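A.B. asks: Handing you a structure now.
The values are calculated or read from the model by the stated rules, or taken from the named source; none is laboratory data. The structure presented is a predicted model; accordingly, all values stated were derived computationally and were not measured. Positions of Cβ are generated from backbone atoms using ideal geometry, with glycine treated the same way; all protein chains shown enter the neighbour counts.
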Amino acid sequence: MNRLRAPGFPEEAVRRRARQGPAAGYPPAADYGGTLFGADPAGPADSAGSGWAAGHAGADQLDAARLVPPVFMPQRLEKLIDLGREPTHRDVELDTLIGGFRSSLPLYVSAFGSTVAGSDLGLAVSRQAGELGIPMVIGENVVPVAGYGRLGPTGDRSLLARLRAYAGAAPPGLGGVAVQQSTEDADAEVWNLVYSDPAAHELLASGRLAFELKVGQGAKPGLGGMTVLDADTAARLTGRYQLDPIFDGDGSGSGSGDGSGGRVLRAATPGTYTEEILRQQIRLMRNNFPEARVWVKLHPARDVRDAAAVAWAAGADAVTVDGAEGGTGWAPLPAFAHVGLPLAECLLRLDNRSDCLLVSGRVWEGTRVAKCLALGARAAGLGRAALLAADEDPDRGLLRFAGCLAEELRLLVSALGKYRPAALGREDLWWPGQPPEPAAAPAAAPDRTAATCRTEG
Amino acid sequence: MADAIPPPPHEHLRNPATRHALRIQSTLLDGAREYLSGQDFVELLPPIIGPVTDPGGRGAKQADVDYYGHPYKLMTSAILYKQAALLAFDKIFYIAPNVRLEPMTTAGTDRHLAEFHQIDVEAAGASRDEALGLVEGLLRHAVGRVVAELPEPLAALGRDPSALLDALEQPFEQLSHAKAVGLLHGLGHDQSPDSEINWSGEALLSREAHRPFFVTDYPKGSRGFYDRESATEPGLLRNFDLIAPEGFGELCSGGERESSYPRIIARMRETGENPAKYGWYLDAVRQGIPPSAGFGIGVQRLLRYVTGLAAVWQVSAYPKLPGMASP
């Protein structure tokens, strides 16, 4: 019996991938020879409830875009010359650099915050993300709510338990953990705690520890993190955080509302930022934690380009932008639909060509990842998809799910005549209504020695 | 070359080198008190715990205290209390114990202890130049007393008293942070212009020097919110470090302090702090605290320099190295 639900997200398709791995990226093998398959761009995300979908869930600007392979493929010729045989999608190399970490895939696991869903599956996700060798972000609020886990028994939800689960499974030299801290987390000194902890030293010494400054998030742009606390936890945190008894109906504490059993809302402050505050906070992070990488997470803000530019100029190793489609945590209902820029618009405004940009927002299959990479992202973050996959199978679900996504990416990247994810570019995308490119003279075969294909992510 | 790990107390405290160092420490502190009292400073007893403490450590964690259910901290430095103490007296000092749970990356510096003491000085209305003068005067007086009164322990430790006196005799040179960065780049050393001088860079500068010297004008983004930003050179702080020669490294940090409420709030945000937890301090600032300058001299670091011992743990009676459970 699975517990997690994700309305509006292609949940069944994710679960199928978590069960079947790469096979889930194809139509059911049993249907071969007996079913006619074809494009159905307007079709449902989850055909007949089988969990098989072609990646057209929902409808946003990224969904509307199509990946458009050319006929002439100079980079395929380079690969052909390298290999001495015709390349296939198996020759696509998906490893890349993500925020200072080497990653096996252009993917990372986004922060879950302290939502109960994220906490319960945190260890399963951590272990599998480590085994995959992809970076993982540990969200804000985890230490204030679930504790660090150093004194006394290490609770499964604690930050230290997740760090250990990840580090214990990660192959040498691959992956890394980014620990988030928000403005209110500063009170718990999360970064100081991790940076000074002997248990985290191996990750630090091997260059696989980052700290992510949480400026904002996709699900609640302009607001801080929100946590629904049970009565016991609320009693423990009273006086330290602003706790709102909104679930009792009239806020009086009289219990006349929806019978939420004393649960309260903790709404963290988002923190105040100006250009100078952001710049100096990043500099101080580099100053105080010289051996850790510095990541900065932005909400899908109208000035996202300016904010990212400040962050990179101040020395951030990665800027993460969470599109308005993103989020795993609890959020006020209006924000789901009407607040924040869609991910595609963020990518277009950022127009990134060279810096390490990470993006998240309803990412669960290969085409959306490939489109993000073509629009300048270095990697895409898995939030709900990672949780659902681990929920489907806490031992292997995320591993199989990522295997399916990697298979799709190899197919898509090679279809575009490219063999590294970073080689994707805007020329690989087309939107409805976009005028055709002017006709160009046929290009001469490239000189292999002058190849400019980027070899790093 | 010191052992990497301190021996147990029974062995360490009976070691002649430890006993010489602790004898010298007693005279150093006596000399510091004598000098500061002569300058009309009032010695106060330092607070040990509080709801907030100095957030300015380089990756060091504060030690938490459960104070009747309230999360309190052991003092990492008394800076906030020093500023408030100026409401009572214009010139104050503490000999203050501090605890900083330093990161494991400090294990190789030979000058980090998780528990240490500072000669913590603050003067209302003082400028940075006046603070620099005080540091020089204090060191000259206190070390002068050691040289005059304790030649035998110094000789037993192999420390040449005349070299110490010679090093302290001349005014200490001043080097801006920007120039220090330039020097390090000239030596082929990687050093960010926006950050503190890194441990290895500091060791390099210290080894090249024959006398103590000040590094001034650190960039904003390398220090806590309380170091005052220059009004004429925005982005630079009116602060300083004192670096000892012979590779002994930093002995002291100080500077002019921010005292205006809106400036302190803005600087708190620039240093990633949540102002809400600094309630008592901000209340005091809002009602008015005097502008000031001051500094903290690391007692064990100064003692290591004076004794010439290789590692700072050798001069502490109960040394606590970062990450190591010790008595």
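A.B. asks: Looking only at region A:77-98, decide whether some residue is in contact with a strand residue (DSSP E or B) (Cβ under 6 Å, 6 or more places away or on another chain) and modelled with pLDDT of 95 or more.
C.D. replies: At the first step, the residues of region A:77-98 found to be in contact with a strand residue (DSSP E or B) (Cβ under 6 Å, 6 or more places away or on another chain) are A:96, A:98.
Those still in the list that are modelled with pLDDT of 95 or more too: A:96, A:98.
Scanning region A:77-98, I find at least one residue that is in contact with a strand residue (DSSP E or B) (Cβ under 6 Å, 6 or more places away or on another chain) and modelled with pLDDT of 95 or more, so the answer is yes.
A.B. asks: With the structure loaded, tell me whether B:Val52 is in contact with a Lys or Arg (Cβ under 7 Å, 6 or more places away or on another chain) and assigned to a strand (DSSP E or B) or whether it fails that test. It would help to see each step written out before you state the result.
C.D. replies: Numbers: in contact with a Lys or Arg (Cβ under 7 Å, 6 or more places away or on another chain): yes; assigned to a strand (DSSP E or B): no.
Criteria not met by B:Val52.
A.B. asks: OK, next. Conditions first: (1) touching a strand residue (DSSP E or B) at 6+ places or on another chain (Cβ under 6 Å); (2) surrounded by 24 or more Cβ atoms within 10 Å (Cβ to Cβ); (3) among the small types (Gly, Ala, Ser). A:Ala307 passes all but one, so which condition is the exception?
C.D. replies: Of (1) touching a strand residue (DSSP E or B) at 6+ places or on another chain (Cβ under 6 Å); (2) surrounded by 24 or more Cβ atoms within 10 Å (Cβ to Cβ); (3) among the small types (Gly, Ala, Ser), only one is false for A:Ala307: (2).
A.B. asks: Looking only at region A:207-220, which residues are more than 13 Å from every other protein chain (Cβ to nearest Cβ) and out of contact with any Asp or Glu (no Cβ under 6 Å at 6 or more places or on another chain)? Walk me through how you get there before you give the answer.
C.D. replies: Restricting attention to region A:207-220, the residues satisfying the condition of being more than 13 Å from every other protein chain (Cβ to nearest Cβ) are A:208, A:210, A:216-220.
The answer is A:Arg208, A:Ala210, A:Gly216, A:Ala219, A:Lys220.
A.B. asks: Given the residues A:Ala235, A:Ala200, A:Ala167, which is the only one that is surrounded by 20 or more Cβ atoms within 10 Å (Cβ to Cβ), within 14 Å of chain B (Cβ to nearest Cβ) and over 24 Å from A:Ala331 (Cβ atoms)?
C.D. replies: Working: A:Ala235 fails: surrounded by 20 or more Cβ atoms within 10 Å (Cβ to Cβ); A:Ala167 fails: within 14 Å of chain B (Cβ to nearest Cβ).
None of the others qualify; the one that does is A:Ala200.
A.B. asks: Taking B:Tyr94, is it of a type in the set (Phe, Trp, Tyr), part of a strand (DSSP E or B) and within 14 Å of another protein chain (Cβ to nearest Cβ)?
C.D. replies: On the way: of a type in the set (Phe, Trp, Tyr): yes; part of a strand (DSSP E or B): yes; within 14 Å of another protein chain (Cβ to nearest Cβ): no.
Considered against the rule, which asks whether it is of a type in the set (Phe, Trp, Tyr), part of a strand (DSSP E or B) and within 14 Å of another protein chain (Cβ to nearest Cβ), B:Tyr94 comes out as no.
A.B. asks: Of the residues A:Gly403, A:Gly315, which single one is part of a helix (DSSP H, G or I), touching a helix residue (DSSP H, G or I) at 6+ places or on another chain (Cβ under 6 Å) and either of a type in the set (S, T, N, Q) or farther than 30 Å from A:Arg266 by Cβ (or both)?
C.D. replies: Values: A:Gly315 fails: part of a helix (DSSP H, G or I).
Going through A:Gly403, A:Gly315 in turn, the sole match is A:Gly403.
A.B. asks: Okay, next question. Go through region A:179-197 and give me each residue that's facing chain B (nearest Cβ under 8 Å) and among the aliphatic types (A, V, I, L, M).
C.D. replies: A:Ala186, A:Leu193
A.B. asks: Can you confirm whether A:Gly366 is surrounded by fewer than 24 Cβ atoms within 10 Å (Cβ to Cβ), over 29 Å from A:Ala268 (Cβ atoms) and under 14 Å from the mean Cα position of the chain (by Cα)? Spell out the reasoning first.
C.D. replies: Values: surrounded by fewer than 24 Cβ atoms within 10 Å (Cβ to Cβ): yes; over 29 Å from A:Ala268 (Cβ atoms): yes; under 14 Å from the mean Cα position of the chain (by Cα): yes.
It is true that A:Gly366 is surrounded by fewer than 24 Cβ atoms within 10 Å (Cβ to Cβ), over 29 Å from A:Ala268 (Cβ atoms) and under 14 Å from the mean Cα position of the chain (by Cα).
A.B. asks: Could I ask something else about it? Of A:Val310, A:Val359, A:Val296, A:Val321, which residue is within 14 Å of another protein chain (Cβ to nearest Cβ), part of a strand (DSSP E or B) and under 30 Å from A:Leu424 (Cβ atoms)?
C.D. replies: Details: A:Val310 fails: part of a strand (DSSP E or B); A:Val359 fails: within 14 Å of another protein chain (Cβ to nearest Cβ); A:Val321 fails: within 14 Å of another protein chain (Cβ to nearest Cβ).
Residue meeting the stated conditions: A:Val296.
A.B. asks: While we're on this one: Quick check on this structure: which one of B:Pro6, B:Pro46 is within 20 Å of the chain's Cα centre (by Cα), assigned to a loop (DSSP other than H, G, I, E, B), in contact (Cβ under 8 Å) with a residue 24 or more places away in the chain and crowded, with 17+ Cβ neighbours inside 10 Å? Outline the logic, then answer.
C.D. replies: Details: B:Pro6 fails: within 20 Å of the chain's Cα centre (by Cα).
Checking each option against the conditions leaves just B:Pro46.
A.B. asks: Tell me, please, whether a residue that is touching a residue at least 60 places away in the same chain (Cβ under 8 Å) and within 14 Å of chain A (Cβ to nearest Cβ) can be found in region B:300-309. Break it down stepwise before answering.
C.D. replies: Our first condition is that a residue be touching a residue at least 60 places away in the same chain (Cβ under 8 Å); within region B:300-309, this holds for B:300-309.
Pick out the ones that are also within 14 Å of chain A (Cβ to nearest Cβ) and you get none.
There is no residue in region B:300-309 that is touching a residue at least 60 places away in the same chain (Cβ under 8 Å) and within 14 Å of chain A (Cβ to nearest Cβ).
A.B. asks: Give me a count of the residues in region B:284-297 that are surrounded by fewer than 19 Cβ atoms within 10 Å (Cβ to Cβ) and in contact (Cβ under 8 Å) with a residue 60 or more places away in the chain. Lay out the reasoning, then the answer.
C.D. replies: So in region B:284-297, the residues surrounded by fewer than 19 Cβ atoms within 10 Å (Cβ to Cβ) come out as B:284, B:286-288, B:290-291.
Still in the running and in contact (Cβ under 8 Å) with a residue 60 or more places away in the chain: B:284, B:290-291.
Total satisfying the criteria: 3.
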